[in-house]
1. Take the residues in segment B:89-116 that are away from chain A (no Cβ under 14 Å) and touching a Phe, Trp or Tyr at 6+ places or on another chain (Cβ under 7 Å); name whichever of them is surrounded by the fewest Cβ atoms within 10 Å (Cβ to Cβ).
2. Within segment B:41-52, can you find the residues that are away from chain A (no Cβ under 11 Å) and in a helix (DSSP H, G or I)?
3. Being within 14 Å of another protein chain (Cβ to nearest Cβ) and in a loop (DSSP other than H, G, I, E, B) narrows it down to one residue among A:Gly123, A:Gly164; which is it?
4. For B:Arg210, only one of the following conditions fails: (1) in a helix (DSSP H, G or I); (2) surrounded by fewer than 16 Cβ atoms within 10 Å (Cβ to Cβ); (3) within 14 Å of chain A (Cβ to nearest Cβ); (4) not aliphatic (A, V, I, L, M). What is its number?
5. Return the residues of segment A:167-210 that are within 11 Å of chain B (Cβ to nearest Cβ) and either over 24 Å from the mean Cα position of the chain (by Cα) or in a strand (DSSP E or B) (or both); say none if nothing qualifies.
6. Does B:Thr70 qualify as being surrounded by fewer than 23 Cβ atoms within 10 Å (Cβ to Cβ), in a helix (DSSP H, G or I) and at negative phi?
7. Within 14 Å of another protein chain (Cβ to nearest Cβ) and farther than 22 Å from A:Ala339 by Cβ - does that describe any residue in segment A:85-97?
8. Checking the conditions here, which among B:Ser158, B:Ser125 is at pLDDT below 90, crowded, with 24+ Cβ neighbours inside 10 Å and in the same structural domain as B:Asn228 (by TED's automatic domain parsing)?
Amino acid sequence: MKKALAALAAATMLMTSMPASADLIVPNLSYRTGPYAPGGIPYADGFNDYFTLLNQRDGGIGGEKVVIRECETAYNTEKGVECYEATKGGGALVYNPLSTGITYQLIPKTAADGIPLYTPGYGRTSAANGKVFEWVFNYPSNYWDAASVAIRYLLNENKGDLKGKKIALVYHNSAYGKEPIRTLTELSKKHGFTLVQVPVDHPGQEQKSQWLQIRREKPDYVVMWGWGVMNAVAIQEAANINYPMKNFIGVWWSGSENDVLPAGMGADGYKSLAMHGTGMDYPVYQDIKKYVIDAGKASGAGDQVGSVLYSRGMYAALVISEAIRKAQAISGKAAITAADLRNGFEQLEITEARMAELGLPKFGQPFKATCADHGGPGAALIQQWDAKAKKWSLVTDFIAPDDDVLTPLIMEDSAAYAKENNIAERCK
Amino acid sequence: MLYREAGDFKTSYVADSQTFPIKFDRIRYYIVVAIAFGVVPFLINDYWANAVFVPFLIYAIAAIGLNILTGYCGQVSLGTGGFMAVGAYACYKLMTAMPDVPFVIHVALAGFITAGVGVLFGLPSLRIKGFYLAVATLAAQFFLVWLFNKVPWFYNYSASGQITAPERMMFGIAVTGAGTPAWAKYLFCLIILFALAWLARNLTRGSVGRRWMAIRDMDIAAEIIGVNPLTAKLSAFAVSSFYIGIAGALFFSVYLGAVEVGEAFGIQKSFLVLFMIIIGGLGSIFGSFAGAAFLVLLPVLLKNILVGQFGWATDLAAHIELMIVGGLIIFFLIVEPHGLNQLWRVAKEKLRLWPFPH
């Protein structure tokens, strides 16, 4: 054991004693193994490839190369902590762990270490309140937005009336899956529908009893908060009980190709939310093909390009790179620090014109962050799966969430956090 | 040469029955303790504390706890994860309900609450044995996790069902929360582990431990020679759960800071701790340490070598790491079915005879 410890010491010394170069260091806490790998792989690939593109095409951001430090978490919080501690030295700029559980751990840690935490579309929803969560950003959309958008969509479908309807929530029985419950409960009071909660335990490979329950309860709609293998299994089970797919809506984490393909034609008509467009019809892909894929620098196996979660990883990387640019403009230096980047995140504005310039026109919603608002507008699209053509098509435009319901909830939850941790509000 | 009894004369019964009868062993033990308390805290940084030492110390507490029940008393338990969850949630409720009470008291109380729950779930052990008892404790595992998921009171009605440890001070220094210095985390866990390991070692050497071992070796014979199976089994459950509850409380509050029950205290945690004591050696305190070190440190070491040194892709390294750890477990169990502790014991035996075996 002593020998092992000595080797461990040597290994870590080497790792931590790497000189802090002037590069922009962005750790990527990814997961390419375990039951959540179907979601983790494309996201990590998109994230890495976008920074590779910036390095190859533009020579980095503002002349500084971006260095990605990837670390495997397997969606496990203990490994996530290990990864965070291993990568935070040497000038790590921002964390994007793609896991709500790890996010909850990193929120206090990143605040203490002074490193921004960017959690687009996941994490702690009430972090949208920048008055309490100084170092966390979750624009453009969060879970409660998603819940509200799904209900708004159903309201539109039913001519504005959901009275007497029954909506089932099939969710991953974890912090992630439980996030929307509070919002949906409030919305059910407001709109008069019944909410049925159907939890699925990690990892979600066995859902027979849950779908038996759904068959018995006969809900008008099923909303799903699933991740990893749970998604594919749920869609397969729904197809097995002949649940009408057009009444089955997943959150944006339950709407990738990997989730619907295993169910074959049974998944035809399945809907999910989307934070952004998808597919390879955007001009940016010409550059990605030229500078990244054809150059043999693609991350992973390179077979995920253009998929939904690849697009999302790319979108996250794009927002981070824009925040770095903003931070460089504010601080007037190219080699920014994590504190500079926080200012960049807080003053970031991404317009439609800027998105078009970056090669992604009509891809995401424009948003503008402020000191108090770290959450963005929170709108989302609805996409539907076409099993014949094997592609997602958008069926709505951006739907805005019901802020009358969400804002008080966010204030309440963030105030509870502030009280527990003795945080004074900023942005007076 | 160094490792021998010759010349080490004992002149009293106390000296004769001490934990480390051989001088070299005793000195080695004092040196390890001195380094752990006197050197490591000055050198430790965040990475070493959070990724290596604190998880090792906490798992060692849990492994000692399970070893008392399974290794010394022979009652197989698969409820370790559930009992750790009891410790964690008890600690959370106490921390948030009574912020002014010193944190170490919360940890101790969490241990006592878990001891109570453990005794409750230990009651079936009076009627059933072996695999059937394992299934009964498995029920405890699933019931407890379900309970902490289902009842919002346990997580103070937070939106996500996560529990988050607020900052708590000991002597003006944070021991929980993000602002905790690495050495404080380490020392806090080390002091608790040291006290508990010392207690466990002496419990198992005394009459209580002998009663447990009598029950383990043959319960009917034990009953005939006057061991009360009710008190022996239930005391093993109580002491074991006390340890595991403290491990759970520290795991949540000092190590991770925020947990959700299904992920942190699921069935895989029960198996992990069980594997620790099987690999380390059933019925030995040193085995608990060795097993915890093997299963906590080896994956981190392999990751640092494969990714940090060789620059392999992270997913490839993660898969290879699983294979290597799995392969080593099988290797060790084939070479020495009684665990790392037995290897250690054989090595000591050989050293005693060296250089003149036979």
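The values are calculated or read from the model by the stated rules, or taken from the named source; none is laboratory data. The structure presented is a predicted model; accordingly, all values stated were derived computationally and were not measured. Positions of Cβ are generated from backbone atoms using ideal geometry, with glycine treated the same way; all protein chains shown enter the neighbour counts.
1. Only one residue fits best here, namely B:Phe112.
2. B:Pro41, B:Phe42, listed by residue number.
3. A:Gly123
4. With respect to (1) in a helix (DSSP H, G or I); (2) surrounded by fewer than 16 Cβ atoms within 10 Å (Cβ to Cβ); (3) within 14 Å of chain A (Cβ to nearest Cβ); (4) not aliphatic (A, V, I, L, M), B:Arg210 is out only on (3).
5. Result: A:Tyr171, A:His172, A:Gln197, A:Pro199, A:Val200.
6. Criteria not met by B:Thr70.
7. Checking segment A:85-97: not a single residue is within 14 Å of another protein chain (Cβ to nearest Cβ) and farther than 22 Å from A:Ala339 by Cβ.
8. That would be B:Ser125, the only listed residue that is at pLDDT below 90, crowded, with 24+ Cβ neighbours inside 10 Å and in the same structural domain as B:Asn228 (by TED's automatic domain parsing).
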